[in-house]
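One structure below.
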Amino acid sequence: MEEVDTEKYIEALEQENQTLKGKDVQSAIGMSNYTSANKNENLIQYQIENTELLDKLEHFYKGEYIGTLENKDIGWVKPKDKNQIPLNEFGVSALMEIVSKYVDKNTTLSYYSEMRIYEILADLGDELVIYILSNYEKMGMDNNFKKTKFRLLIVTTLHMIESTYRKAIAGKTIEEINQSRIITQSDLVGRPFPQIPTKKRFNLLNPRSWSG
């Protein structure tokens, strides 16, 4: 049996330890870069995502509100009193069809002046007034109480749409996304993976491979 050189064995252990540390550093940097890029993509998605806004509008048209469900969870509650439901299924789908054409990522990623946004909202408001007034009964607004919600429906709809357009004032959102991507790419380029030198055919269990 070949005699083991204790000093060389210790050096071999230290070399193995340094190699493992280097690999840990490389993995940590790689994970950091991935996490940074992933967070950036999530932020971009959040900036252009309008699903939550559309969802809130749909629940509003249905007369639903956030409250306690029968199973004690918090969620959207449907009124027990039908008079509190301003629109029927047709009314909800009719308004959602209109709104979804304004509240989308194409709007968010566009370029608008503040004056142009006011013009769009004014035109849309006029058309919504005419549309709902001409279809009161068909849309489910079949009593005086429901009709008192007419102005509230119009104003709420326009305000929600306005919040989407304001993301596009002077192309603000698309500019922020482009800037964010430039920073991320620059950060990744500036932080390359370190090259970890390793000895060829190194084997801790083979004393012959411990030295240079």
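Computed from the coordinates by the stated procedures, all read-outs in this text should not be read as laboratory data. Every value quoted in this text rests on a predicted model; they were computed, and no experiment measured them. FYI the Cβ positions are ideal-geometry reconstructions off the backbone, even for glycines, and counts take in every protein chain you see.
Give me 117, 74, 161 ranked fewest to most by other Cβ atoms within 10 Å of their Cβ, as a rough exposure proxy.
Working: 117 18, 74 9, 161 23.
By the 10 Å Cβ count, ascending, the order reads 74, 117, 161.
Multiply the residue separation of residue 54 and residue 98 by 0.36 nm, subtract the distance between their alpha-carbon atoms, and state the gained length in nm to one decimal.
14.7 nm
Taking each of 82/149; 62/105; 78/101 in turn, the alpha-carbon distance tops 20 angstrom for 62/105; 78/101. Taking 16 Å as the cut-off, the amide N atoms of region 74-98 that come nearer than this to a point 7 Å along the Cα-to-beta-carbon line of residue 68 belong to 74-78.
Distance from the C-alpha centroid of region 51-74 to that of region 126-184: 18 Å, rounded to the whole angstrom. Full extension of the chain between residue 143 and residue 156 yields a length gain of 2.6 nm, computed as 0.36 nm times the residue separation minus the alpha carbon distance.
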